[in-house]
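Visitor: Take this structure, written in structure tokens, and hold onto it; I'll ask about it next.
The values are calculated or read from the model by the stated rules, or taken from the named source; none is laboratory data. Keep in mind that what you see is a predicted model, and the values were worked out from it rather than measured. A quick note on method: Cβ atoms are made from the backbone with ideal geometry, for glycine too, and the neighbour counts reach across all protein chains shown. Accessible surface areas use protein heavy atoms only, side chains included; no ligands, DNA or RNA. Shrake-Rupley method; radii C 1.70, N 1.55, O 1.52, S 1.80 Å.
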Amino acid sequence: MNKYRDFDNYFKEFPNEKGYFGEYGGSFLPPELIPAFEEAKNSYEAICQSAQFINELRRIRKDFQGRPTPVYHCERLSKLFGNCQIYLKREDLNHTGAHKLNHCMGEGLLAKYMGKKKLIAETGAGQHGVALATAAAYFGMECDIYMGEVDIEKQKPNVIRMKMLGANVIPVTHGLKTLKEAVDAAFEAYMNEYDDAIYCIGSALGPHPFPMMVRDFQAVIGHEARDQFLEMTGHFPDAITACVGGGSNSLGMFTPFLADPVEIYGIEPLGRGSNVGDHAATMQFGTKGRLHGFESYLLQDENGEPLPVYSIASGLDYPGVGPEHAHLRDLGRVHYETASDEEAMEAFFLLCRYEGIIPAIESSHALAYAIRYAKEHKSGSILCCLSGRGDKDIDYVYENYGCGEKFFNK
């Protein structure tokens, strides 16, 4: 029996009409926001099968975003570890430098269809903020981006890019001043402006329909990668991998491969270690709970309050994970592993030195696992989603790691 056949009809079953992926998902909202999310759901369902909407989004993908992005064979890096071949899906070459534009242009097009005038969002590493500011400029809309003060300081290049694109970057000064607090602030703002605005969630999480919508818009990654890899090699990769924070790039990469004979690995940030507050590895240490209007695995205390989280990658330091990831783990279809700060940074510098590519720190977590996989397997191949480029991280990396000398002088 082919265990992968169970996923042939997966997209017809998940999410269900209430937005659940098995036990996870749903929509838990204050009464005043229920009509706004219902409007978004009804609008998306009305146009997602529309030839006009699909053709317009395809035109934007090709003419504005520069898609398809290529699959690249890391020949020198692969030789460093043996005969297992490492490939990259180069989302760093997508316009604005990461996968985030895939769903932002889709959400912007949806907002235009709905007659909205403003796009509201949170951002951590700034890539979602830059992508949404780009979409707002493209569609002629206002844009408010909520960002924690810690991340504003850490990701200055992206803050400047957002402002150059015309977005209003609003500092979030409470709590840990990072991604979770930025989501809180964006939700609060949306409650006051939903008649004229749409909240463009930055990952495959939040209340229904956003986990489904973001997954659908991001699936362009995996559909392209699947076709490209088959054309390049004549067969499927043995494994695919992507980093997991909320989970948008990874679901975009994973879901088109669910029915194929491919092992799938999602990589979470172990940060400085397993102590509370030193990591954001939700699948490894979390329990089922509720946050930001949906149910999934969360890092939470005995009262259900989110625990402090940390990652060197600003885009991964979130105390929850998208509900579809929790479901795929329960089904046993996706394996969830971790990579520490040090492993991610070593992978960052190895890709710089051996392939001439500077990756985002978020993406370096998936690359670290691809390297680990290559060391452990004498043959075969692994395809890694390089979800973004590292321009935004260069100042921080240089200040804390120099040019990576310690990783090459062992």
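Visitor: Can you tell me, using C-alpha contacts under 8 Å and at least 6 residues apart, the relative contact order of the chain as a whole percent?
Guide: Working: 889 pairs, mean separation 82.3, N = 410.
Worked out over the chain, it gives 20 percent.
Visitor: Which parts of region 351-373 would a label at Asp391 reach, counting a residue when its backbone N lies under 14 Å from a point 7 Å out along Cα-to-Cβ?
Guide: 358-360
Visitor: Once you order the gyration tensor axes a ≥ b ≥ c over the Cα atoms, which shape class does the chain get: rounded for a/c under 1.5, otherwise prolate or oblate by comparing a/b with b/c?
Guide: rounded
Visitor: Something else about it: Starting at the first residue of region 254-265, write each ³J(HN,Hα) from the Karplus equation 6.51 cos²θ - 1.76 cosθ + 1.60 with θ = phi - 60°, in whole Hz, x for Gly and Pro.
Guide: Result, rounded to whole Hz: 7, 4, x, 9, 4, 8, 9, x, 9, 7, 10, 10.
Visitor: Here's something else I'd like to know. Using only helices, what value at 222 nm comes out for the chain when you add -39,500 (n - 2.57) per DSSP H run of length 4 or more and divide by the total residues, to the nearest 500 deg cm²/dmol?
Guide: -12500 deg cm²/dmol
Visitor: For a Förster distance of 30 Å, can you work out the FRET efficiency between the beta-carbons of His95 and Met232, rounded to the nearest 0.05?
Guide: 0.80
Visitor: Can you work out the accessible area per residue across the chain, with the rest of the protein chains kept in place, probe 1.4 Å, in square angstrom?
Guide: Heavy-atom SASA per residue in the chain reads 39 Å².
Visitor: Further, regarding this structure: Over the chain, with every protein chain in place, what whole percent of the accessible area is carbon and sulfur at 1.4 Å, could you tell me?
Guide: Using a 1.4 Å probe with all protein chains present, the chain comes out at 48 percent carbon and sulfur.
Visitor: What is region 104-153's relative contact order, in percent, from Cα pairs under 8 angstrom and six or more apart in sequence?
Guide: Working: 56 pairs, mean separation 20.8, N = 50.
Answer for region 104-153 is 42 percent.
Visitor: Need the list of aspartates and glutamates near Lys117 for cross-linking: C-alpha distance under 20 angstrom, and skip anything on the same chain fewer than eight residues off.
Guide: Glu32, Glu38, Glu39, Glu56, Glu107, Glu142, Asp144, Glu188, Glu193, Asp195, Asp196
Visitor: Could you identify which residue out of Ala136, Ala36, Ala125 has the top mean-square fluctuation in a GNM of the chain using Cα springs shorter than 10 Å?
Guide: Ala36
Visitor: When only Cα pairs under 8 Å and 6 or more residues apart are kept, what is the percent relative contact order across region 106-217?
Guide: It rounds to 31 percent for region 106-217.
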